[in-house]
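Heads up: the structure comes next, in structure tokens.
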Amino acid sequence: TPVPTPHAVPALLSFLSPALKAKPYTKSTSGETNVISEERTVPVTDLRSLPESDLQAFTTDTSGFQWVKHESKLSGDELLDEESIKRVYYPEVDAFLKSRLGAKRTFIFDHTTRRAPPRGEKVDFGRDPNARGPVHRAHVDQSRSAGAERVFVHMGEEAERLSRGRVQIVNVWRPIRGPVTDWPLAVADYRSVDPETDLQPTDLIYPHRVGETLSVRYSPRQRWYYISEQQPEDVLLLKCYESESESESDSLSDTPGADGVQKGRALLTPHTAFWNPESGGREGEPRQSIEVRALVFYSD
């Protein structure tokens, strides 16, 4: 069989501009922000165009993201129904994360459904939770401190004990209908990201608390990927937070020790929606997706 030739689309991605010198912020209710964006045309490589041997190198611990196959009992509009999501989909995600990642326990703390606008209409980045469009700006869902804090926000009296073990936050991203052609999700390989220069803590100001995400600055070193014609069974796992950082594992070699800690472990996944120039004039339903975010624990 012929060896696949990697194929990349030239995509316009939106990054944090170096012109902004203050700490970026966005207010959750009004959308008010001081963020200055810059757009760059970036090659985004189609994971489907890579040989299987290359794909195996992309895991939540190496690249930060992982393309996995998983079928849900729910499909179509069932994945837009709040009760079905919590009753059926949450337990499916819990079981899948345990089997795929070897986790002992998970706690799903939120989910978001997104719908791209009909062709020709502007993407709505408004605050209406029932009409949330794709996020067209490179970002990470949590900063390191906000990720660590999530354990204490959700796990009550168990938080102290659980936070002493390995903790991750994983975003389970799935199309509700396929194939996705218009607004796919681009993910950056953690190995191509410099956390010191490329990532900027950004305040997300809620009425009663301040959360912190990460904005992403452009670098020509970054390598971006997507899945063409993504179907509902093509699930992307995105690591948003990892408690076991590289600095804690500096004393270990590149081979995992007894506790599995590895130098250079991926800590997070920058990601963004992008308009796929290759979707052309093809008629298709606007992208609909569901993402579930879970705390993932490796000790009881």
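Using θ = phi - 60° in the Karplus curve 6.51 cos²θ - 1.76 cosθ + 1.60, the 3J(HN,Hα) couplings for the range 83-99 round to 5, 5, 4, 6, 7, 10, 6, 4, x, 4, 5, 4, 5, 5, 5, 5, 6 Hz; x is entered for Gly and Pro. R177 contributes about 70 Å² of solvent-accessible surface, heavy atoms of the protein only, 1.4 Å probe.
Annotation: amide H-H contacts under 5 Å for Y241 (H modelled 1.01 Å from N, sequence separation of 5 or more, or interchain): I169. Of the peptides 292-299, 57-64, the order by per-residue mean of other Cβ atoms within 10 Å, starting with the highest, comes out as 292-299, 57-64.
Label-to-label distance for S145 and T197 is 2.5 nm, based on points extended 7 Å past Cα in the beta-carbon direction. Spacing of the modelled spin labels on K69 and F109, each 7 Å from Cα toward Cβ, amounts to 3.3 nm. My understanding is that a pair violates if its Cα-Cα distance is over 31 Å; which of K73/K239; K73/K104; K21/K69 do that in this structure? Long pairs (Cα-Cα over 31 Å): K21/K69. In a DSSP loop and with at most 13 other Cβ atoms within 10 Å, the GluC sites (Glu not before Pro) in the range 64-115 are E71.
In this simple spin-label approximation, E39 and D81 carry label points 7 Å from Cα along the Cα→Cβ vector, and these lie 3.9 nm apart.
To the nearest 20 debye, what is the magnitude of the charge dipole of the range 139-208 about its Cα centre, counting +1 on the Cβ of each Lys and Arg and -1 on the Cβ of each Asp and Glu?
With Lys and Arg at +1 and Asp and Glu at -1, about 340 debye.
Using R0 = 45 Å, the C-beta based FRET efficiency linking E229 and R161 works out to 0.55. Of the listed residues K21, K27, the order by accessible area with a 1.4 Å probe, largest first, is K21, K27. Backbone geometry of the range 26-41 corresponds, through the Karplus equation with coefficients 6.51, -1.76 and 1.60 at θ = phi - 60°, to 3J(HN,Hα) couplings of 9, 8, 5, 7, 8, x, 4, 7, 9, 5, 10, 9, 9, 9, 10, 8 Hz, x marking Gly and Pro. Subtracting the Cα-Cα distance of F152 and K23 from their residue separation scaled by 0.36 nm leaves 43.9 nm. Measuring with a 1.4 angstrom probe and ignoring ligands and nucleic acids, L55 comes out at about 40 Å² accessible. Net charge dipole, the range 1-116: roughly 380 debye, given to the nearest 20, about the Cα centre with Cβ charges of +1 for Lys and Arg and -1 for Asp and Glu.
The values are calculated or read from the model by the stated rules, or taken from the named source; none is laboratory data. Keep in mind that what you see is a predicted model, and the values were worked out from it rather than measured. Quick reminder, even Gly has a Cβ in these numbers, built from the backbone with ideal geometry, and neighbours come from all protein chains shown. Just the protein is used for accessible areas: all its heavy atoms, side chains included, with ligands, DNA and RNA removed. Shrake-Rupley method; radii C 1.70, N 1.55, O 1.52, S 1.80 Å.
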